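What follows is calculated from the coordinates using simple rules that are stated; it is not laboratory data. All values derive from a computational prediction rather than experimental measurement. Note: ideal-geometry Cβ built from the backbone for every residue, glycine included; neighbour counts use all protein chains shown.
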């Protein structure tokens with residue numbers, strides 16, 4: 001089966017244009033990152049110099065991996081059920097697009113802005129910490145391996161979260177239900193990130209590689225399983 | 001039921017009709033959407049598909065458009081069998097305009113069409129979009145959000161979208177449902193123009209005047225295919241040819257005037273001074289009846305062929321189905 005990049009790009013571009021005009025999606029994309037940004041900043045700014053020793057044993061930066069774990073699922077939840085609810089799914093499915101192309105276009109459209117927003121929030125956080133936190137606190141917080149893990153795990157977590165969101169979106173009959181279920185289903189990955197951040201799960205290279213491999217596998221399987229269960233007939237006859 | 005009286009196919013497509021449906025059925029569990037339907041549509045033909053609500057018209061379009069899998073039977077689109085493996089190939093060659101336009105309302109007309117031009121992978125999309133917009137007279141609205149357009153204009157955008165891929169076979173599912181007379185007229189003119197340019201059109205409609213005006217042939221579906229043919233053929237098939245005679249005053253002895261006239265098989269009075277003659281050959285019966293009326297001293301107001309519309313055909317068939325259902 002050969003996927004056609006032009007059809008994937010068509011869905012991707014259409015989605016981005018819809019985001020631009022849809023305030024609800026923009027708010028969904030913005031609200032979670034703001035929560036994940038403001039709360040740790042307040043905590044960090046309040047930390048005295050003496051807290052740097054304690055911070056050296058934690059990985060607070062990784063707490064922000066909650067952004068790619070949750071935000072993309074909330075956006076991806078709209079992917080299929082949103083099209084069904086606005087009556088646009090049927091015209092799209094009457095074109096030569098394959099279900100794999102349709103889903104890839106949708107997934108990329110959720111991935112790119114989510115990852116961009118996550119990286120932007122990290123940059124703002126790092127800048128604020130460098131500028132306004134106690135220098136010892138800043139140096140204890142901003143460590144190379146944590147930053148690298150943050151950069152590498154962001155797209156992996158976002159991808160996994162997107163396939164969960166899309167899978168739920170193909171089965172749900174209402175967008176709000178799909179969004180709530182998707183956020184709920186993506187919470188376990190956010191919890192794992194928090195456990196690592198607070199040193200409950202001790203981060204080692206082995207653990208990092210194992211989690212990365214599991215997420216890579218999950219992303220590949222997510223696409224295939226979602227595509228395999230994408231039933232045109234069910235989606236069309238249950239369209240209002 | 002089948003009808004093979006279709007237009008010959010243009011050269012270069014292996015002689016296959018534009019659409020051939022063979023014993024096609026679709027069930028949803030125990031519910032039958034349509035059953036054992038057979039027909040063919042010739043290239044360049046405007047084929048009307050009529051039927052009451054729930055008759056299976058939209059399900060037929062969705063099945064032929066590869067959105068639903070048939071429960072039994074098969075179909076060929078330009079000779080290509082309707083199988084899951086051929087879904088992409090078939091969808092490249094057809095376009096469907098569903099009853100609801102299904103536009104992205106937050107996007108502009110041009111953005112909607114760009115998306116679909118890419119989905120169809122049309123070469124030179126800018127030119128193709130321009131042509132489609134010109135065809136539906138919407139060039140000036142290209143940058144308006146679809147959500148700001150009236151229902152009639154949205155329908156036109158949906159039609160432009162269906163034209164982007166230059167389809168061999170265009171399915172129009174209730175294209176004028178809910179439109180005002182002006183918008184309806186515009187859609188009719190477009191269908192006529194498309195038909196003249198050689199596009200095969202499969203039109204489902206409730207509007208019998210629309211079918212009569214636009215379609216070369218019509219089929220009437222009520223779960224099973226009830227009849228198929230040219231509107232005039234259907235009228236002839238279902239109703240005897242009759243002449244309606246109107247006189248200024250009631251005839252004192254109508255039986256004496258009409259009985260025994262050549263080609264007149266019977267008559268009945270249909271009003272104080274109106275008579276309906278069942279005739280076998282109109283060209284023979286009409287002059288004979290005229291002569292007999294004049295000879296009887298009747299003052300004749302008119303003698304004309306009784307006209308049965310497609311609506312009469314449709315209602316007669318649906319009434320028959322209802323009576324059969326009650327029986």
Helix B:151-163 against the longest principal axis of chain B: what's the angle in degrees, Cα atoms only, rounded to the nearest 10?
70
For region B:240-305, max minus min Cα coordinate along each principal axis, in Å, sorted largest first?
26, 22, 18
Other protein chain Cβ atoms within 10 Å, averaged over every residue that makes up B:81-87:
1
Using a 10 Å cut-off on Cβ to Cβ distances, tally the other chain neighbours for every residue of A:84-91 and report the average as a whole number.
6
Working out 0.36 nm times the residue gap between residue B:246 and residue B:259, then minus their Cα-Cα distance, what length gain in nm do you get to one decimal?
3.0 nm
Using just the helices of chain B, give the 222 nm mean residue ellipticity in deg cm²/dmol: DSSP H runs with n ≥ 4 each add -39,500 (n - 2.57), and the total is spread over all residues, rounded to 500.
-10500 deg cm²/dmol
In nanometres, the difference between 0.36 nm per residue of separation and the alpha-carbon distance of residue A:112 and residue A:42 is 22.4 nm
Considering only the protein assembly as shown, what is the antiparallel percent among its DSSP beta bridges, to the nearest 5?
65
Calculated from DSSP helices alone, with each H run of at least 4 adding -39500 (n - 2.57) and the total divided by the residues of chain A, [θ]222 nm to the nearest 500 comes to -26000 deg cm²/dmol
Exposure proxy check on B:189, B:35: fewest-to-most Cβ neighbours within 10 Å is B:189, B:35
Kindly give the semi-axes, whole Å and largest first, of the ellipsoid equivalent to region B:149-285, taking each as the square root of 5 times a Cα gyration tensor eigenvalue.
44, 17, 12
Defining a contact as two alpha carbons under 8 Å apart and six or more residues distant in sequence, what relative contact order in percent does chain B show?
18
Using Cα atoms only, what is the angle between the long axis of helix A:175-197 and the major principal axis of chain A, expressed in degrees (0 to 90) to the nearest 10?
30
For chain B, take the longest principal axis of its alpha carbons; what is the angle in degrees between that and the long axis of helix B:181-196, to the nearest 10 within 0 to 90?
80
Which FRET efficiency value, to the nearest 0.05, is calculated for residue A:22 and residue A:202 with the Förster distance at 51 angstrom and r the Cβ-Cβ distance?
0.75
Convert 20 °C to kelvin, take the viscosity as 1.002 mPa s, use the Kirkwood radius over C-alpha pairs of chain B as Rh, and evaluate the Stokes-Einstein diffusion coefficient in µm²/s, rounded to a whole number.
96
Using alpha carbons only, what's the Rg to Rh ratio of the protein assembly as shown with Rh from Kirkwood?
1.19
In whole angstrom, note down how far apart the Cα centers of region A:1-20 and region B:142-166 are.
20
Calculate the spin-label point distance for residue B:323 paired with residue A:2, positioning each point 7 Å from the Cα along the beta-carbon direction, and give it in nanometres.
5.9
